[in-house]
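The next block holds one structure in the form of structure tokens; read it before the comments.
Every number in this text was worked out from the coordinates using simple rules, so none of it is lab data. Treat the numbers as computed from the prediction; the structure is a model and nothing was measured. FYI the Cβ positions are ideal-geometry reconstructions off the backbone, even for glycines, and counts take in every protein chain you see.
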Amino acid sequence: MVALQIRNIRYRYHDGTYALCGVCLDIQKGEFLAVLGPNGSGKTTLLKHLNGLLKPMEGEILLEQKSLAQYSSREIFQKVGIVFQDPNDQLFAPSVWEDVAFGPMNLGLSKNEITHRVEEALSLVGMLQHTNKAVDALSFGQKKRVCIAGVLAMKPEVLVLDEPTCGLDPAGVTSIMTLLKELNDKYGITIVMATNAVDLAPIYMDRLAIMYQGSILTVGAPVDVFSNTDEIKHACLELPQIAQLMQVLRDEDNLPMGNLPLTVGEARKFLAHRLNGIRLMIRDQVSA
Ligand SMILES: Nc1ncnc2c1ncn2[C@@H]1O[C@H](COP(=O)(O)OP(=O)(O)OP(=O)(O)O)[C@@H](O)[C@H]1O
Ligand SMILES: [Mg+2]
């Protein structure tokens with residue numbers, strides 16, 4: 001089942017910059033998709049099209065087989081939630097509660113339902129204890145969580161995030177990614193996120209789309225996308241760090257290997273297997 005179909009969309013900004021030059025992409029229901037690409041490749045522009053903040057100059061986007069142009073803004077915002085890169089562009093109410101309640105209030109829900117949704121969303125992002133705090137007094141990472149809560153309170157089917165881990169410390173990155181994975185796995189929310197964090201991709205995502213100069217170069221499972229090292233280089237990206245080490249071991253130190261391990265877990269499994277093999281060989285030689 002396809003949640004969103006992006007059909008050959010083009011977009012040019014007022015100053016004449018062609019930011020999207022014919023992008024086609026199907027986003028499957030329930031998948032966790034990362035859009036990777038260098039600065040200026042069009043990730044943010046593409047994401048802003050997914051909930052109608054920008055309208056394509058050519059081509060169209062279908063949400064559940066129906067053109068986005070046929071939905072009201074309210075219907076789209078209910079189904080597709082977007083979290084901007086900078087939380088300060090998103091948060092506007094004085095307190096955490098008011099900010100998260102804004103969307104549900106606009107849906108005309110009952111007071112009880114609004115309270116329930118705000119508490120549930122804040123609890124999911126681990127911010128329930130900050131319900132009454134002033135937004136200005138939050139740390140950067142806490143602001144990001146409140147932005148995600150604001151979108152979750154709308155109960156969207158698709159969650160679109162622009163560089164959600166940017167500016168977070170390592171523990172913050174892990175906790176946001178774990179939360180997103182849980183929302184994806186447990187609640188079936190389709191997730192599309194723009195990121196430059198190649199190390200995260202093979203750990204959390206089902207599929208990757210690589211953008212370069214307003215076009216999508218390739219789409220596929222991390223193992224397939226990262227196996228094309230020339231294309232990764234062409235898109236000014238790098239392999240995950242652990243895969244870079246494994247690539248050197250394979251290509252320069254002649255360690256035979258099939259697919260490059262992309263995560264620490266995969267590399268550990270491969271190396272432990274090899275090292276155990278060598279240990280057994282040495283033991284056999286010593287005892288012979
Ligand atoms: N408001 C704007 N007016 C004019 N040009 C813009 C505007 N916003 C973005 N662009 C241009 O559109 C192109 C794509 O920008 P976009 O922000 O979508 O890239 P990105 O992949 O999200 O980059 P980054 O990794 O830096 O966030 C760039 O060339 C950029 O300069
Ligand atoms: Mg961007």
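Rundown of residues vs (1) more than 16 Å from ligand 2 (Cβ to nearest atom); (2) crowded, with 19+ Cβ neighbours inside 10 Å, yes/no style:
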{"residue": "144", "(1), (2)": "no, yes"}
{"residue": "149", "(1), (2)": "yes, yes"}
{"residue": "152", "(1), (2)": "yes, yes"}
{"residue": "158", "(1), (2)": "yes, yes"}
{"residue": "177", "(1), (2)": "yes, yes"}
{"residue": "181", "(1), (2)": "yes, no"}
{"residue": "187", "(1), (2)": "yes, no"}
{"residue": "194", "(1), (2)": "no, yes"}
{"residue": "198", "(1), (2)": "no, yes"}
**Asked** Given the structure, is residue 139 more than 20 Å from residue 78 (Cα to Cα), surrounded by 15 or more Cβ atoms within 10 Å (Cβ to Cβ) and small (Gly, Ala, Ser)?
**Response** no
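Suppose we keep only residues that are surrounded by fewer than 14 Cβ atoms within 10 Å (Cβ to Cβ) and under 23 Å from the mean Cα position of the chain (by Cα) within the stretch 54-72. Which one would you say is nearest to ligand 1 (Cβ to nearest atom)? Walk me through it before giving the result.
Taking the stretch 54-72 and keeping what is surrounded by fewer than 14 Cβ atoms within 10 Å (Cβ to Cβ), we get 55, 57-58, 65-67, 69-70, 72.
Add one more test, that the residue is under 23 Å from the mean Cα position of the chain (by Cα), and what stays is 55, 65.
Numbers: 55: 14, 65: 26 Å.
Taking the candidates together, the pick is 55.
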**Prompt:** Can you tell me which residues in the stretch 209-228 are away from ligand 2 (no atom under 16 Å from the Cβ), among the hydrophobic types (A, V, I, L, M, F, W, C) and assigned to a strand (DSSP E or B)?
**Reply:** 217, 219
**Prompt:** Identify, please: which residue in the stretch 14-37 is within 13 Å of ligand 2 (Cβ to nearest atom) and more than 15 Å from the chain's Cα centre (by Cα) and is, among those, surrounded by the fewest Cβ atoms within 10 Å (Cβ to Cβ)?
**Reply:** 19
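Applying the selection to the stretch 100-128, what residues are more than 26 Å from the chain's Cα centre (by Cα), surrounded by fewer than 19 Cβ atoms within 10 Å (Cβ to Cβ) and either more than 20 Å from residue 76 (Cβ to Cβ) or in contact (Cβ under 8 Å) with a residue 60 or more places away in the chain (or both)?
Just the residues of the stretch 100-128 that are more than 26 Å from the chain's Cα centre (by Cα), to begin with: 105-116.
Next cut, surrounded by fewer than 19 Cβ atoms within 10 Å (Cβ to Cβ) only: 105-113, 115-116.
Within the stretch 100-128, 110, 111, 112, 113, 115, 116 qualify.
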